Amino acid sequence: MEALELRSTITSDGKLKLALEEAALPEPGPGEIVIRVEAAPINPSDLGLLLGPADVDTIEAGGTADRPTITAEVPAQRLPLMKARLDQSMAVGNEGSGTVVAAGEGAEGLMGKLVALVPGGMYATHRLARAADAWVLPEGVTAAEGASPFVNPMTSLAMVETLRMEGHSALVHTAAASNLGQMLNRICLADGVPLVNIVRSEAQAAILRGLGAKYIVDSSAPDFTAALTEAVAETNATLAFDAVGGGTLINTILRAMEAAQQRKMKAYSRYGSSVHKQVYLYGMLDTSPTMLDRSYGLAWGVTGFLVSNFLMRAGAETAARMRARVANELRTTFASSYTAEISLAEALDPETLRAYARKATGEKYLINPAK
């Protein structure tokens, strides 16, 4: 079986190359399936592989209408970070959904089923995968509705699970009006978890007010630090998840948490509050360095967060419970909305590429390789 795949290459001379390439899929072996991909979202995490550190302002289109190509410059200072992937053609697309069109021994029961998968390489017309990795979508759910069951839904659920596992009572979330942020709001409202939402504009704040969010602070407002501190003090938030990464935002969050805790201290300590304050960095909307001035005592931590690592730590029972909730609430809590549905060729249109590369709030694109 022939498949058409969107592939990304960064060359050793500093070029990003995107192209649609034909690939021969083998017949599925025991426990394997082939799906005809019908929907695959473009998540921010996909852009890290698709575009890497390339400068999108330098993109140039080439190829033909049905086999377009894109090239762009990778800044020389960023090239050493890509050493492990140089000159390799890499398949892209973390997750997606489609219909099972071939099945190996032991997987015949999935033939004709609409399933979701998270195997990588989903920006393709067909994908070979393990049957054990397939989520059969609930009756009536479309491919588009079931295309994003893992990255955003499981990450947002993992945030609340982390809160419970680590003994926190409330949390702070940045880039809070994003698709993931809206899911997290729905979860926290349903589960009674206080959530402090940090947004970057009044328009984003309005989105969250429409969802019923109580605590919303705008990082572009002149009173941001004071408003954040008050919200953190009222909720007693000591846990944060940050999608921004660079700059001083994490520093500001830790300062607000420490200030809120010091209000409750009965005696001065030169070591600051003994209450641990934890920030998990799960995104890189800002690729500049993360700035920390360590002005919040000694009981704090900043580390990375990846949902797959969390699931390994949480165990099979917790992962199964989370997955069942996502399946039951795909059209409500975990519903995703899309700006546009595009073909594989349209994903390599320069203007469309620039649009999804902006990672703008409220703009999410869905690739339909059958289009």
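The values are calculated or read from the model by the stated rules, or taken from the named source; none is laboratory data. Predicted model, so just to flag it, every value in this text is computed and none were measured. Neighbour counts are summed over all protein chains in view; Cβ atoms, including those assigned to glycine, are modelled from backbone coordinates with ideal geometry. Note: accessible area is taken over every heavy atom of the protein model, side chains too, but ligands, DNA and RNA are not part of it. Shrake-Rupley method; radii C 1.70, N 1.55, O 1.52, S 1.80 Å.
Observations
- Along region 179-186 the Karplus relation, 6.51 cos²θ - 1.76 cosθ + 1.60 evaluated at θ = phi - 60°, assigns HN-Hα couplings of 4, 5, x, 5, 4, 4, 4, 5 Hz to successive residues, with x for each Gly and Pro.
- Here region 1-68 has 51 percent of its accessible surface on carbon and sulfur atoms, given a 1.4 Å probe and all protein chains in place.
- A simple spin-label model places pseudo-atoms 7 Å from Cα toward Cβ; at K266 and R313 they are separated by 3.3 nm.
- Under a model in which nothing but the beta-carbon of Lys, Arg (+1) and Asp, Glu (-1) is charged, region 4-80 shows a dipole of about 140 debye around its Cα centre.
- Take 34-43, 271-280 and order them by the average number of nearby Cβ atoms within 10 Å per residue, most first; the result is 34-43, 271-280.
- Stretched out straight at 0.36 nm per residue, the stretch from A340 to E234 would grow longer than its current Cα-Cα span by 34.2 nm.
- Among the GluC sites (Glu not before Pro) in region 102-148, those placed in a DSSP loop whose Cβ has at most 16 other Cβ atoms within 10 Å are E105, E139.
- Within the same chain, aspartates and glutamates fewer than 8 places from K214 are excluded, and of the rest, those with a Cα less than 16 Å from its Cα are D191, E202, E230, E234.
- Eligible lysines near K17 by straight Cα distance, threshold 17 Å, same-chain separation 8 or greater: K83
- Tilt relative to the chain, helix 316-328 - C-alpha long axis, 0 to 90 degrees, to 10: 80
- Of the solvent-accessible surface of region 175-257, computed with a 1.4 Å probe over protein heavy atoms with every protein chain present, carbon and sulfur atoms account for 53 percent.
- Each stretch of four or more DSSP H residues adds -39500 (n - 2.57); spread over every residue of the chain, this sum gives -8000 deg cm²/dmol at 222 nm.
- Burial order of peptide ranges 253-260, 129-136 (average beta-carbon count within 10 Å, highest first): 253-260, 129-136
- The HN-Hα couplings worked out from phi for region 102-119 by the Karplus form 6.51 cos²θ - 1.76 cosθ + 1.60 (θ = phi - 60°) are 7, 9, x, 4, x, 10, 4, x, 8, 3, x, 7, 8, 10, 10, 9, 10, x Hz, whole numbers, x standing for Gly and Pro.
- Percent accessible area from carbon and sulfur atoms, region 290-371, protein chains only, probe 1.4 Å: 51
- For the chain, share of DSSP beta bridges that run antiparallel, in % to the nearest 5: 60
- Prolate is the label for region 22-94, because the ratio a/c of its alpha-carbon gyration tensor axes (a ≥ b ≥ c) is 1.5 or higher and a/b is greater than b/c.
- Rg/Rh for the chain stands at 1.00; both radii use Cα atoms, and Rh follows the Kirkwood definition.
- Residue-level accessible surface for T248, protein heavy atoms, 1.4 Å, Å²: 80
- Calculated accessible area for the chain comes out at 45 Å² per residue, all protein chains present (probe 1.4 Å; ligands, DNA, RNA ignored).
- Accessible surface, 1.4 Å probe, highest first, among residues T225, T333: T225, T333
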